[in-house]
Amino acid sequence: MSARVIAVVNQKGGAGKSTLAMLLAGSLADQGRRVLVADADTQNTSLRWASAGEGFPAEVEDVSGEDKLHKHLKKRLDNYDYIVIDTPPAATAPVTASALRIAHLALVPVIPSPPDMWASLRIREAIQAAREDRNPDLLAYIVVNQAQLNTILAREVLALLPEFGIPMLAAQLKSRTAYRQCAALGAGIAALGSRAAMASLEVDALRREVEFLLSV
Ligand SMILES: Nc1ncnc2c1ncn2[C@@H]1O[C@H](COP(=O)(O)OP(=O)(O)O)[C@@H](O)[C@H]1O
Ligand SMILES: [Mg+2]
């Protein structure tokens, strides 16, 4: 079967696009899936992450110079089960539009704090534009990142999320040093073993929800 394509997008830098893309790709690859991370951000966070160690389980390719990313990836769909695109923090950039054109699923990591959420609103328009243009079946979900759900502020902020008009995944990522360690070690979460048991459960839940959404 042809690869299912996931675009990780947000106008906001630092929202956790690269972290989400790499944790998800690593987890899918650890399940024996053939996974490509297409790093479309000139900052090349994903590429550096994978180069920081020897054992990152998914393939990572620098596609930041590809203007027509959808065309480039179309040729490679048969080689993978999943392609995860890590995009730059630019809702209106051609490369973001190109990623949203080929994607089956857009994931929008959002940190639950008001300035982050305001900055994230622009991506909703980019997703809508992709649907109206050529990708009417594009699925889109918010992924709450660096969640701290036990605070009153976080609850109030999360209550704002429906304004996005994009549903939220049930799975969330908490703020955890384990995720930063993965980047430092060039690893996926499984490589941290029992040191990161809670983080591992969190990433598994995320991966399972994504697999379910993309199952046909
Ligand atoms: N859930 C998390 N827990 C801990 N640190 C995180 C988490 N998500 C992101 N970070 C850290 O926040 C910073 C920005 O994340 P990154 O994934 O690079 O964002 P983006 O790709 O959207 O710019 C990085 O230093 C990353 O390690
Ligand atoms: Mg990034």
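Take Ser18 and tell me if it is more than 16 Å from ligand 2 (Cβ to nearest atom), under 17 Å from the mean Cα position of the chain (by Cα), polar (S, T, N, Q) and buried (at least 23 other Cβ atoms within 10 Å of the Cβ).
Criteria not met by Ser18.
Identify all residues within segment 191-210 that are in contact (Cβ under 8 Å) with a residue 40 or more places away in the chain and polar (S, T, N, Q); write none if there are none.
Within segment 191-210, none qualify.
How many residues does segment 31-53 contain that are away from ligand 2 (no atom under 11 Å from the Cβ), touching a residue at least 24 places away in the same chain (Cβ under 8 Å) and over 19 Å from Arg180 (Cβ atoms)?
Residues in segment 31-53 being away from ligand 2 (no atom under 11 Å from the Cβ), touching a residue at least 24 places away in the same chain (Cβ under 8 Å) and over 19 Å from Arg180 (Cβ atoms): 6 in total.
Which one of Gln146, Gln128, Gln181 is of a type in the set (S, T, N, Q) and not in a helix (DSSP H, G or I)?
One residue alone meets the criteria, Gln146.
Got a number for residues in segment 43-72 being of a type in the set (Ser, Thr, Tyr) and within 12 Å of ligand 1 (Cβ to nearest atom)?
2
I'd like the full set of residues that are at pLDDT below 95, polar (S, T, N, Q) and within 14 Å of ligand 1 (Cβ to nearest atom), limited to segment 73-125.
Ser113, Ser120
Search segment 72-98 for residues being away from ligand 2 (no atom under 16 Å from the Cβ) and under 15 Å from the mean Cα position of the chain (by Cα), and hand back the single one that is nearest to Leu28 (Cα to Cα).
Tyr82
Please pick out the residue among Gly188, Gly165 that is among the small types (Gly, Ala, Ser), surrounded by 21 or more Cβ atoms within 10 Å (Cβ to Cβ) and either without any contact (Cβ under 8 Å) to a residue 12 or more places away in the chain or farther than 23 Å from Ser2 by Cα (or both).
Answer to the check: Gly188.
The values are calculated or read from the model by the stated rules, or taken from the named source; none is laboratory data. What you see is a predicted model, and the numbers here were worked out from it, not measured in a lab. Cβ: placed from backbone, ideal geometry, glycine included. Neighbour counts: every protein chain shown.
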